[in-house]
2 protein chains.
Amino acid sequence: MDAAATAFVPGHLTALFSVHRRGSPERTGSRGAGVALTDGVTVRAAPGDRAVDLDGESVAAVEGVLDALGVDARVDIDPDLPVGAGFGVSGAAALGTALAVNAVAGLARSENELVAVAHAAEVAAGTGLGDVVAQARGGVPLRLEPGAPPHASLDGIPAGGRIEYLSLGELSTKQVLDGDTDALSAAGERALAALRERPTLPTLVETGREFAVEADLLTDDVAAVIEDVAAAGGRASMAMLGRSVFAPGTGLSDAGYDPRVCRVHPAGATIRDAGPTDS
Amino acid sequence: MDAAATAFVPGHLTALFSVHRRGSPERTGSRGAGVALTDGVTVRAAPGDRAVDLDGESVAAVEGVLDALGVDARVDIDPDLPVGAGFGVSGAAALGTALAVNAVAGLARSENELVAVAHAAEVAAGTGLGDVVAQARGGVPLRLEPGAPPHASLDGIPAGGRIEYLSLGELSTKQVLDGDTDALSAAGERALAALRERPTLPTLVETGREFAVEADLLTDDVAAVIEDVAAAGGRASMAMLGRSVFAPGTGLSDAGYDPRVCRVHPAGATIRDAGPTDS
């Protein structure tokens, strides 16, 4: 094994989605739309016995990645973002682990192969359905076909700029995804179709807000913040699946909140220190 | 129309490729591999009569983009890279124009739609076959299926770091592509298959060098520089289609050359100033 390697994976908030369960984890996933964030997750992998650490806990999707790659390593996960609040921390941990372990162990896998391993581990763990492919792409991803490469199909909204967000607490992704998702998915499909008619950031926020109501995911505290932003002349919506609100530009600040501030992250996940190049 | 908008598109050097001509410009393209570069092209579009300016000249692919989008604009193209030397300046100009004009004119097209418009214009102009889709992706792209989205299929090598390059002069892309490309394409297919067996940056350089020889594209001056880099313990190959050499790390410096220095650009093309967001 080489020296340690570090990967950075952008955060990803989901504005709207539909659930698609198919025969394998690689084909299972979500369609939908969201935003990749400059606030993300740094994952460091080093040679050694297996030890996965995110604030003192392990992460099921990361264990799944190590199992799939057949490699043990020390994996340290350092998130800039709140955990369990709809910002894709578990997907980022899985994808960052795949990239960093590939470098440390000299596996010579392609990016699509590593994305597929991370996506399948995240789906099997029940912690997410679409964050990994979005985090591998960056920007403002539209997930047109579910699953991992080569099954996935993505497009994007050509937009960047400042994003503000505020987390009021956790929502269990697993609990929502394990329930009946038919009505939610029908609402997600309608929202994605509307967004594809006019793929802009303002439309993403609008269709996301309609989706949150129709899918019955909007909590009262989140709804109150969204209303405050609208009253101040801005636009905000809910980050799925968390009790979280996001707004492009200065939407939350203008409404008197004290949000975290980041930007649209134009790139997907990247390996930062790959150690010595292989021969 | 809104205020001016600016897009940045990474440069892209092609290490190896094969030519695939199909029924339409959207399906025509190349397969192959290359590197997106932090040295790139900045494109500014502003409302006004049509005027396309790259060092005082127009660019056929940019005119094609404006025709396809049905928009006139003032388009200023500012390259960090030598023109006609294998760094994808014309593709970058076309893609940057599509992104900037979309923002200025409020067209609300998706990224895939804009990439398809730019790719088709570049193919129709005869100035390139694969730069645009690679420049829309960033990183170290493997182009597995030719053409524009949704026909294109891409993967990537998970690698980053310093890239050095040196341009000895121009080669006419149009002249090579207008000739008999069967032997070149057979060599390109072999090289891509070998690279996919082990998708790493050192393998990209090695397979690229073999391709340059087999495709009979290697000029004597380029070959001499590549040999000097190897003699100094490094790895270099030719950037297609120019009389240009690239090397990861410090390959050219170590051999006593005075190269331009940049890095792998992790992101695809991005819109920088989108003007006011639409409502």
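The values are calculated or read from the model by the stated rules, or taken from the named source; none is laboratory data. Everything numeric here is computed off the predicted structure, so don't read it as measured data. Here Cβ is always computed from backbone atoms with ideal geometry, including for glycine, and neighbour counts include all displayed protein chains. Quick note on the areas: whole protein, heavy atoms, side chains included, nothing else; ligands and nucleic acids left out. Shrake-Rupley method; radii C 1.70, N 1.55, O 1.52, S 1.80 Å.
If only residues of segment B:55-76 that are open to solvent by 10 Å² or more (accessible area, probe 1.4 Å), not small (Gly, Ala, Ser) and not in a loop (DSSP other than H, G, I, E, B) are counted, the one that is farthest from residue B:14 (Cα to Cα) is B:74.
Scan segment A:221-254 for residues that are out of contact with any Pro (no Cβ under 6 Å at 6 or more places or on another chain) and open to solvent by less than 30 Å² (accessible area, probe 1.4 Å) and the total you get is 19. For segment B:122-177: of the residues being open to solvent by 30 Å² or more (accessible area, probe 1.4 Å), touching a residue at least 12 places away in the same chain (Cβ under 8 Å) and polar (S, T, N, Q), which is farthest from residue A:269 (Cα to Cα)? That would be B:172. Any residue in segment B:30-46 that is at pLDDT below 95 and within 16 Å of the chain's Cα centre (by Cα)? Checked segment B:30-46: no residue is at pLDDT below 95 and within 16 Å of the chain's Cα centre (by Cα). The residue list A:106, A:128, A:169, A:156 contains one member that is more than 22 Å from residue B:195 (Cβ to Cβ), of a type outside the set (Val, Ile, Thr) and modelled with pLDDT of 95 or more, which is A:156.
Applying the criterion of being within 8 Å of another protein chain (Cβ to nearest Cβ) and in a strand (DSSP E or B) to the residues of segment B:254-279, the residue that is modelled with the lowest pLDDT is B:272. The residue of segment B:180-204 that is nearest to residue B:215 (Cα to Cα), among those that are open to solvent by 40 Å² or more (accessible area, probe 1.4 Å) and not aliphatic (A, V, I, L, M), is B:182. Looking at B:256, B:242, B:251, B:234 in this structure, which one is in contact (Cβ under 8 Å) with a residue 12 or more places away in the chain and on the phi > 0 side of the Ramachandran plot? The conditions single out B:256.
In this structure, does residue B:83 turn out to be over 30 Å from residue A:100 (Cβ atoms) and either part of a loop (DSSP other than H, G, I, E, B) or hydroxyl-bearing (Ser, Thr, Tyr) (or both)? Considered against the rule, which asks whether it is over 30 Å from residue A:100 (Cβ atoms) and either part of a loop (DSSP other than H, G, I, E, B) or hydroxyl-bearing (Ser, Thr, Tyr) (or both), residue B:83 comes out as yes.
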